[in-house]
Amino acid sequence: MNSIEKVFAGGKAFIPFITAGDPSIDITEQLVYQMAGAGADLIELGIPFSDPIAEGPVIQAADNRALNGGFTADTLFSMMLRIRKSCQVPIACMTYVNPVFAYGAEKFMMNCREAGIDAMIVPDLPFEEKNELLPICKKYGITLISMIAPTSGERIRKIASEAEGFIYCVSSMGVTGVRQNLGSNVEQMVRTVKEVKNIPCAIGFGISTPEQAANMSAFADGVIVGSAIVKIVEQYGSGCIPHVTEYVRKMKRAITR
Amino acid sequence: MEKGRFGIHGGQYIPETLMNAVIELEEAYNHYKNDPEFVSELNELLKNYAGRPSLLYYAGKMTKDLGGAKIYLKREDLNHTGSHKINNVLGQVLLAKRMGKTRVIAETGAGQHGVATATAAALMGLECEIFMGKEDTERQALNVFRMKLLGAKVHPVTSGTQTLKDAVNETMREWTQRVEDTHYVLGSVMGPHPFPTIVRDFQSVIGREVKQQVKEMEGKLPDAVLACVGGGSNAMGMFYDFIEDTSVRLIGCEAAGRGVDTDKTAATMATGKIGIFHGMKSYFCQDGYGQIAPVYSISAGLDYPGVGPEHANLRDTGRAEYVPVTDDEAVEAFEYLSRTEGIIPAIESAHAVAYAKKIAPTLGKDKVLVICLSGRGDKDVAAIARYRGVQIYE
């Protein structure tokens, strides 16, 4: 069992997302420790990109703040080396394909392995293009996470059959961001996955309240929350740590009941 | 060749949410492009609505003035809506309608593609929403009002650099939000497969006509064809039918802005590196970490940090040459063509005129150059006046 599979072995997983470097690399590092302590089972760290086409305004703004602060992939790798001295919470990095490609995919994945990064989530790398990174991810033991969406239909079977680690189920149409109503066919999406392969499914996009998290975890193996947390970071800036920690604790409780 | 690839370039690097939409589009396109009814309806529209074939005009005064190669202008500026954009838009909107879509969305830079899309949507009775960088809505205010007159809703895009790149981002985001009833009318030979192929096919009428017209007028092939390149749709349309005719030089003129050695440039071929963005692998202006660079050109239509994947491959194979043209050179050519031939070109097209001015005198009088005059310059008059220090507002 690799580190990603272990995430889901102990019950429903809560997966918080933050944009690395927002508002600063120090705060990001502290957030990782505190979120891990508050019950985060896997932490998704966004590597900021200038043109994040799958993100709504909240994460777009966070990416801008991080980039304006001079954040780069190298900043992330050195932060991860520090984190790994004391904290072993599984980490998935989310970024777009160009930052990886421009860095050199081979060098990027090699650094990921050295820095103790467990998985990559790349929203603009669909099933048809996954060989751009998959062979290199495999070589360095990084799990490349597959995504499915409400429009995937029959593609779900194809994607699921080759997926590893867990499947990121996009709950709703559109970009990331808090929603009152989540997509109505998420449960069916999860069911279709399970027909093909026994692989954990984590639901993301739109979730912000404990009620939504609880509802989703009734049929999913994990819940991913991004924009709601990034909003707290935006609101409190460098004072965000206790607020984010409390939020993570609350969300983890909601799905553990 | 792998599906949707031009050498190593192209592909489909988009969120999963859009994958079924592009697959559906590819299937529909492959079906309708050979459907006699679709083809005849499109040809009818191109002829009676857009005004094709567009003229090939012998620029006698310019030829004489430069003292070298014979210069012809392919008058895409005389098409309905004033640019080559209508060629692609009529095809795509007709296709969208056949696919049962009731709404179209599009990005626009200078506004020419937005105007063309709004026009076709009005004609064919589809709802239309256009995304345009806020900075571009200001420098091309007339086109914004034109789109509104045509019944389109215009969304000024305030993210990023507020120009064409950001308009594409926002249109893609909108498409992921509402894909069922909506077709994204992509305006250039870029984006995920099948867009670069569809747009090139619809624009290839330009080069096909040029080949025929030059043959009638000169009894031979042209020696060089020139076109401006942002994403590269008019250039790809001009080049496509000549790719196999290796005696014909294919010259793409990209926007160097203040110069390729400054950071105020949009010359992707001269300053970019291979990357993956906006659904495609191609050349992009970017930093060492893959962050897309803010680019600059006086021309809103060429102010884009990437280039279509087929152009990237034509460059890799050496079949086409790509040259940078600065703001100053383009403005000078804009004024020159107005004065010399009584034709005011779009500032985008003026980039190709500028390079033709450079090379024509170096070529013999028996040589034939064709410049794609991709659009008319009415939209640019106020901006050029401001460039020259005259405060005119539309």
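The values are calculated or read from the model by the stated rules, or taken from the named source; none is laboratory data. Since this is a predicted model, take the numbers as computed values, not measurements. No Cβ is skipped: glycine too gets one built from the backbone with ideal geometry, and neighbour counts run over all protein chains shown.
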How many residues of region A:97-111 are more than 8 Å from chain B (Cβ to nearest Cβ), surrounded by fewer than 24 Cβ atoms within 10 Å (Cβ to Cβ) and of a type in the set (F, W, Y)? The answer is 0
Considering region B:279-305, residues that are crowded, with 24+ Cβ neighbours inside 10 Å and more than 29 Å from B:P345 (Cα to Cα), and then whichever is nearest to the other protein chains (Cβ to nearest Cβ), we arrive at B:G290
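What residue, of A:M94, A:M147, is within 24 Å of A:L182 (Cα to Cα) and facing another protein chain (nearest Cβ under 7 Å)?
Values: A:M94 fails: facing another protein chain (nearest Cβ under 7 Å).
Answer to the check: A:M147.
Residue under question is A:S172, and the condition is that it be more than 10 Å from chain B (Cβ to nearest Cβ) and among the hydroxyl-bearing types (S, T, Y); does it hold?
Numbers: more than 10 Å from chain B (Cβ to nearest Cβ): no; among the hydroxyl-bearing types (S, T, Y): yes.
Here the answer is no, as A:S172 does not meet what is asked.
If I filter region A:36-52 for residues that are surrounded by fewer than 19 Cβ atoms within 10 Å (Cβ to Cβ) and within 16 Å of the chain's Cα centre (by Cα), do I get at least one hit?
First pass over region A:36-52, keeping only residues surrounded by fewer than 19 Cβ atoms within 10 Å (Cβ to Cβ): A:37, A:39.
Now drop any that are not within 16 Å of the chain's Cα centre (by Cα), which leaves A:39.
Yes, some residue in region A:36-52 is surrounded by fewer than 19 Cβ atoms within 10 Å (Cβ to Cβ) and within 16 Å of the chain's Cα centre (by Cα).
Residues B:T340, B:T246: which one is modelled with pLDDT of 95 or more, away from chain A (no Cβ under 14 Å) and not in a loop (DSSP other than H, G, I, E, B)?
After ruling out the rest, the residue left standing is B:T340.
Please work out if B:M124 is touching a helix residue (DSSP H, G or I) at 6+ places or on another chain (Cβ under 8 Å) and over 19 Å from B:I86 (Cβ atoms).
Working: touching a helix residue (DSSP H, G or I) at 6+ places or on another chain (Cβ under 8 Å): yes; over 19 Å from B:I86 (Cβ atoms): no.
No; evaluated as a whole, the condition is false for this residue.
Please return the ranges of helices (runs of 4 or more DSSP H) entirely within region B:92-188 where 2 or more residues are within 12 Å of chain A (Cβ to nearest Cβ) and buried (at least 24 other Cβ atoms within 10 Å of the Cβ). Give the steps one after another, and end with the answer.
On the way: elements: B:112-124, B:134-139, B:141-149, B:164-177.
Helices (runs of 4 or more DSSP H) meeting the threshold: B:164-177.
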A:P126 being facing another protein chain (nearest Cβ under 10 Å), crowded, with 24+ Cβ neighbours inside 10 Å and under 17 Å from A:A54 (Cβ atoms)
yes
Here the qualifying pairs (Cβ atoms under 8 Å; residues six or more apart or on different chains; first in region B:357-383 and in a strand (DSSP E or B); second at pLDDT below 95) come out as B:G375/B:A110; B:G375/B:Q112; B:G375/B:G301
| query | Hey, any hits in region B:19-36 for a residue that's within 14 Å of chain A (Cβ to nearest Cβ), of a type in the set (D, E) and touching a residue at least 12 places away in the same chain (Cβ under 8 Å)? | reply | yes
Requiring at least 3 residues that are closer than 30 Å to A:G204 by Cβ and out of contact with any His (no Cβ under 7 Å at 6 or more places or on another chain), the helices (runs of 4 or more DSSP H) wholly within region B:1-91 are B:16-32
For region A:63-91 the number of residues that are in a helix (DSSP H, G or I), surrounded by 21 or more Cβ atoms within 10 Å (Cβ to Cβ) and within 13 Å of chain B (Cβ to nearest Cβ) is 4
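Please enumerate the residues belonging to region B:206-236 that are in a helix (DSSP H, G or I) and buried (at least 24 other Cβ atoms within 10 Å of the Cβ).
Taking region B:206-236 and keeping what is in a helix (DSSP H, G or I), we get B:206-218, B:233-236.
Passing the criteria: B:I206, B:G207, B:V210, B:S233, B:N234, B:A235, B:M236.
I'm checking my understanding of the structure. Among residues of region A:175-190 that are touching a residue at least 40 places away in the same chain (Cβ under 8 Å) and surrounded by fewer than 21 Cβ atoms within 10 Å (Cβ to Cβ), which one is nearest to the other protein chains (Cβ to nearest Cβ)? Let's see the steps before the verdict.
Our first condition is that a residue be touching a residue at least 40 places away in the same chain (Cβ under 8 Å); within region A:175-190, this holds for A:175-178, A:189.
Those left that are additionally surrounded by fewer than 21 Cβ atoms within 10 Å (Cβ to Cβ): A:177-178.
Details: A:G177: 10, A:V178: 14 Å.
Checking each candidate, the answer is A:G177.
Take the conditions more than 14 Å from chain B (Cβ to nearest Cβ) and crowded, with 24+ Cβ neighbours inside 10 Å and apply them to A:I199. Does it pass?
Values: more than 14 Å from chain B (Cβ to nearest Cβ): yes; crowded, with 24+ Cβ neighbours inside 10 Å: no.
For A:I199, the condition - more than 14 Å from chain B (Cβ to nearest Cβ) and crowded, with 24+ Cβ neighbours inside 10 Å - is not met.
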Checked region B:343-356 for anything outside any helix (DSSP H, G or I) and surrounded by 24 or more Cβ atoms within 10 Å (Cβ to Cβ); matches are B:P345, B:A346
